[in-house]
Structures are given as C-alpha cells and as structure tokens.
1. Using the Cα centre of segment 2-97 as origin and beta-carbon charges of +1 (Lys, Arg) and -1 (Asp, Glu), tell me which of Trp95, Ser54, Ala33 is placed farthest towards the positive end of the dipole.
2. Can you tell me which lysines have their Cα less than 18 Å from the Cα of Lys229? Leave out same-chain residues fewer than eight positions away.
3. What residues have an amide H closer than 5 Å to that of Ser220, excluding those fewer than 5 places away on the same chain, when H is modeled at 1.01 Å from N in the peptide plane?
4. Take segment 45-84, compute every pairwise Cα distance, and split them into 10 Å bins from 0; I just need the percent in each bin.
5. As a footprinting exposure proxy, order Lys232, Lys21, Lys35 by other Cβ within 10 Å, with the fewest listed first.
6. Could you derive backbone 3J(HN,Hα) for segment 36-41 from the dihedral phi with the Karplus parameters 6.51, -1.76 and 1.60 (θ = phi - 60°), listing whole Hz in sequence and x where the residue is Gly or Pro?
7. Run a plain Debye calculation on segment 2-97 (Cα atoms as equal point scatterers, no solvent) and give log10 I(q)/I(0) at q = 0.11, 0.18, 0.25 Å⁻¹, rounded to two decimals, same order as the q list.
8. Subtract the Cα-Cα distance of Thr27 and Ala102 from 0.36 nm times their separation in residues, and report this length gain in nm to one decimal.
Amino acid sequence: MRAYTRDLERLILWSVVVRKKALSSLTVEDCEAYKDSLNAPLASFTGPKRPRTSGRWRPFAPEGLSADSQAYAVRVLRAAFAWLVEVRYLAGNPWSAVHEPATVTRELSVQVHRALPASLWTRVREALDVRCDGISGDNVESDDESRQWRAARAATILMGDSGLRRAEAALARREDLRLAEVAGDGRASRSPSPRSPSPPTSSRSVESAGSVESGRGPSSVWTLTVIGKRRKQRTVPVSGATVAALRAHWQDRAHDFDAPHANGPLIAPLWIPATRTARERHDAQTDEGPYSVDAFGRLVRMAVQRLARKSAALADFSTDDVVQLANTSAHAFRHTFGTRAVARDMPTDVEQAILGHASLQTTSIYVRAERRRVLEAAARYYDEDAE
C-alpha cells in the first residue's frame with residue numbers, strides 16, 4: 001500500500017506540474033512520456049532523501065529509478081488505473097497500452113548474508129540487557145535512556161525470535177498475542193484468557209526468561225497473529241525472552257501487560273516528537289499509537305549502531321562483527337531468525353509458514369546458505385589441518 005501511494009503521488013505531481021492535467025485526463029501518450037521520465041526525471045523533481053514533510057522533499061533520487069523499479073511503477077499504475085475504471089471513476093485505462101521497460105529476470109535472492117551469526121546475535125542480546133540495566137561502560141544511563149533501550153530490545157528480539165517483517169512487528173498488537181495450549185497430539189489451541197503472572201522485569205532476567213516462561217510446562221507457547229504481505233494473516237511463535245522484554249517495555253509505558261483484556265500496540269513510542277506530523281498522527285489515535293514502520297526500523301537500527309560504536313560489552317568483538325553491526329538494518333533480524341531456524345533443524349515448511357513466504361523456494365534459500373556455511377567451515381578446518 002505504501003508503494004502504491006508513493007507511485008500515485010509521483011504521477012499526480014508530474015501530471016499537474018508538467019502536463020498540467022488532472023489524472024483523469026491522461027492519455028496513452030502522457031503515460032508513455034511519464035514512463036520515459038522515470039529513467040531520467042526532471043531536475044526539479046529530484047533531490048537527496050528528505051522527510052516527506054520537508055519543503056526540500058522531492059519525489060525522485062537524482063539517479064532516477066532502476067529498470068526494475070521503472071517496470072514495477074508501470075505495473076502499480078496499471079493496476080491502480082484498472083481499479084479506478086472498475087469503480088467508474090475513469091472510462092478507460094491508458095496504462096493498459098503502455099509496455100513495461102525491458103528488465104532481466106534475475107535469480108531469486110534473499111540477502112541472507114545480512115543475518116547475524118549465532119554468536120553475534122547472542123552477544124547483541126547480552127549487550128542490550130546491559131544497556132537496559134542502565135550501564136554504559138563506566139557511565140550510568142539516565143532513566144529515559146534505559147527506557148528507550150528497553151523499547152529497542154523488545155523490538156529487536158521480537159523480530160529476531162519470531163522472524164517478523166518490520167511492518168508486521170511495528171503494527172503488532174497485544175490483543176493478538178495469546179497463550180496457545182499444545183495438546184498431546186501436537187496440535188495447538190488458543191487460550192481464551194492468555195494471562196499469566198508477571199515474572200521479574202529486570203533486564204538481567206530477560207535472557208533467561210525462556211525458562212521462566214516455560215515454567216507453565218512444555219504444553220504451552222505464546223503465539224502472535226499478524227497481517228503480512230498480500231493481507232495474509234499468519235500466526236508466529238513468540239519466545240519467553242520476547243514476552244519478558246515486552247513486559248518490561250509495557251511497565252515503562254505504565255501499562256499492565258497481563259491485565260485482563262489488555263490491548264494496544266506491543267511496542268509504542270515513550271514520547272511523541274514535537275513535529276506537526278507526529279502530533280497529528282498520534283492525536284488521531286483512539287488509543288496509544290504505535291511506531292510508524294520507518295520509525296520502528298530506525299529504533300532498531302540506531303540501537304544496534306550505538307552498540308557497535310560505544311558498548312563496552314562489545315569490546316571483545318572482532319572488527320568484522322562491529323562493521324556488520326554498524327551496517328545492520330531491522331530486516332537483518334528477520335534473516336537472523338531464518339538462518340537460526342535452519343541451523344536448529346526446523347522443518348522447511350514450518351519455517352515457510354512462520355516467515356510468511358508465498359513460495360517454498362524463497363525459504364529454501366536459507367537452507368542453501370546454511371549448507372554453504374557448513375562447507376566453508378569444513379574447508380577451513382581441513383586447510384588448517386593440512387598445514
């Protein structure tokens with residue numbers, strides 16, 4: 001939906017400013033001209049990336065769009081105009097006569113290399129716990145800083161332990177997090193009242209919270225229902241450590257995570273930026289508003305980058321580890337879940353269901369990447385042995 005909005009905004013701006021026409025008056029020739037402009041946008045339409053609310057915002061980057069992005073834009077506009085015809089806003093769809101730019105069909109790829117190795121993922125979680133306890137090297141974090149670290153920890157572990165996409169994690173809600181009872185035949189049933197006593201919310205207890213949560217016995221597991229790509233609903237498992245981190249974050253927000261009928265965003269800003277857009281968005285909420293998708297991504301990315309720059313807990317990390325953390329995005333933690341799931345022998349079809357992949361072929365990329373890592377490690381071992 002965000003991509004559709006972006007491409008329609010670009011076309012409307014171009015139509016009004018360049019062609020001086022309403023969207024409903026565009027012809028096939030106009031659409032062809034716009035398609036050509038995607039490769040080399042007018043100078044007045046380009047500029048460095050700026051916030052959408054900035055007066056210096058421009059719809060295109062200076063280099064224009066890649067061939068793949070141009071073809072995608074044409075497909076989006078063709079579909080959008082088809083809908084406008086269907087609802088009788090337009091009499092015809094000029095984009096149906098416009099061909100997509102020629103592109104090369106590339107081999108399916110997922111940036112698995114961005115996943116954190118298991119040891120690095122463990123130490124990142126330990127470093128987050130240290131920061132959440134208010135410790136920063138020889139300094140002590142302020143209460144506000146510690147609360148922000150706890151929000152970042154909850155967001156990071158939620159993605160890394162459940163394989164959620166950034167938007168799915170940002171929009172996840174408490175009422176969709178339930179306790180599922182696993183029957184003797186291995187099937188799970190959702191508990192209608194998924195509340196349990198709150199364990200200690202000390203940051204130090206989060207890493208061991210899996211054992212605390214499992215105190216209910218091996219027949220129960222926390223599950224979260226989300227709406228993913230293509231508006232498909234799916235349910236993913238949530239680790240005990242994630243639930244403990246969420247409890248601590250909810251306590252910072254002065255909410256009871258385990259209260260009957262608790263609801264609202266799982267992760268929400270502790271304070272609202274003093275910008276007009278942020279104020280308007282949160283004032284419009286009937287309850288506490290969630291992070292926007294981009295802000296959620298920044299929360300995770302900036303926390304990991306700060307760890308890479310300053311954390312004393314990372315002093316024993318290699319240079320390669322620090323470089324990887326400095327370039328880690330929120331989406332990398334989804335890949336981290338995918339690679340760890342394969343390493344722990346999770347069935348590929350189960351992993352596919354959790355990650356929400358439309359095709360098993362996509363999920364299999366993690367399997368191939370794990371096999372390649374094993375072979376590379378074995379090759380290094382035998383090379384060293386030969387020496």
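Since every read-out is calculated from the coordinates, none of them should be taken as a lab result. No experiment lies behind these values; they were computed from the predicted model shown. Cβ sites come from the backbone with ideal geometry, for glycine too, and all protein chains shown count toward neighbours.
1. Ser54
2. none
3. Amide H neighbours of Ser220: Val182.
4. 28, 35, 34, 3
5. Least to most surrounded, the residues fall as Lys232, Lys21, Lys35.
6. Here the 3J(HN,Hα) series is 5, 5, 5, 6, 9, x Hz.
7. At q = 0.11, 0.18, 0.25 Å⁻¹ the computed log10 ratios are -0.31, -0.83, -1.49.
8. Length gained between Thr27 and Ala102: 24.8 nm.
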